[in-house]
């Protein structure tokens, strides 16, 4: 099985919430009905995550308004479903990825098919710094930083998508796309985001540790961080 992820830009829908409803109510059921698609997950930057606007980082504006994940038998069969996607968006990017899931959100906050995952989901597009060889980048990110992120934040879901191939001439090049689930309070509170229990000293320690760790493997001139609402449309299994 392969995983495809799509960055989606809003089409003619009048609002972000209308974009969300169009994708959830019209597109996703059509994708679920497709042979060869076994899992569907959707994240949308809708009004529910508007309080998290201060957490956005946009290096490549305009950033996408939605992020679609499909688990498929064969990515080469994308001609069967990509025309369906194109009917609902102004633009899309596509990536073939490998997925690791150090924290499984369904274990902490199980939701039924079609339900919104509690809190917010940070969708992060990032590039490897030019000075880091690929193996060194993996060693820092997955061998070291992953545990730092888990220990310093209130994350309850954490998916790491390593880009195997960028698909389409108009798709921006990234090396990885991260999905991180946070509790609702993390939208506006640093104490909740960093799980400090309200302790200012702990907050400073964890913010510093996280920033220093990120600086080891992220190119901050090429990073987009987009808070979104996440929906588990069709779980695997």
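For this structure, a couple of remarks:
- Sole residue being surrounded by 13 or more Cβ atoms within 10 Å (Cβ to Cβ) and closer than 24 Å to residue 164 by Cα, chosen from 27, 8: 8
- Against the test of being in a strand (DSSP E or B), more than 30 Å from residue 217 (Cα to Cα) and either modelled with pLDDT of 95 or more or touching a strand residue (DSSP E or B) at 6+ places or on another chain (Cβ under 7 Å) (or both), the options 90, 100, 78 yield a single qualifying residue, 90.
- Here 174, 138 are screened, and the one residue that is surrounded by 13 or more Cβ atoms within 10 Å (Cβ to Cβ), over 14 Å from the mean Cα position of the chain (by Cα) and either in contact (Cβ under 8 Å) with a residue 40 or more places away in the chain or not in a strand (DSSP E or B) (or both) is 138.
- Residues of the stretch 220-237 satisfying the condition of being surrounded by fewer than 16 Cβ atoms within 10 Å (Cβ to Cβ) and more than 26 Å from residue 38 (Cα to Cα): 220, 221
- In summary, residue 34 fulfils each of the numbered conditions (1) surrounded by 13 or more Cβ atoms within 10 Å (Cβ to Cβ); (2) more than 20 Å from residue 167 (Cα to Cα); (3) under 17 Å from the mean Cα position of the chain (by Cα) with the single exception of condition (3).
- Top-ranked residue in the stretch 177-198 [being farther than 30 Å from residue 6 by Cα and buried (at least 16 other Cβ atoms within 10 Å of the Cβ); ranked as farthest from the chain's Cα centre (by Cα)]: 196
- Restricting the stretch 47-64 to residues that are in contact (Cβ under 8 Å) with a residue 60 or more places away in the chain and under 16 Å from residue 7 (Cβ atoms), the residue that is surrounded by the most Cβ atoms within 10 Å (Cβ to Cβ) is 64.
The values are calculated or read from the model by the stated rules, or taken from the named source; none is laboratory data. Here the structure is a predicted model, which means the values were calculated and not measured. Neighbour counts are summed over all protein chains in view; Cβ atoms, including those assigned to glycine, are modelled from backbone coordinates with ideal geometry.
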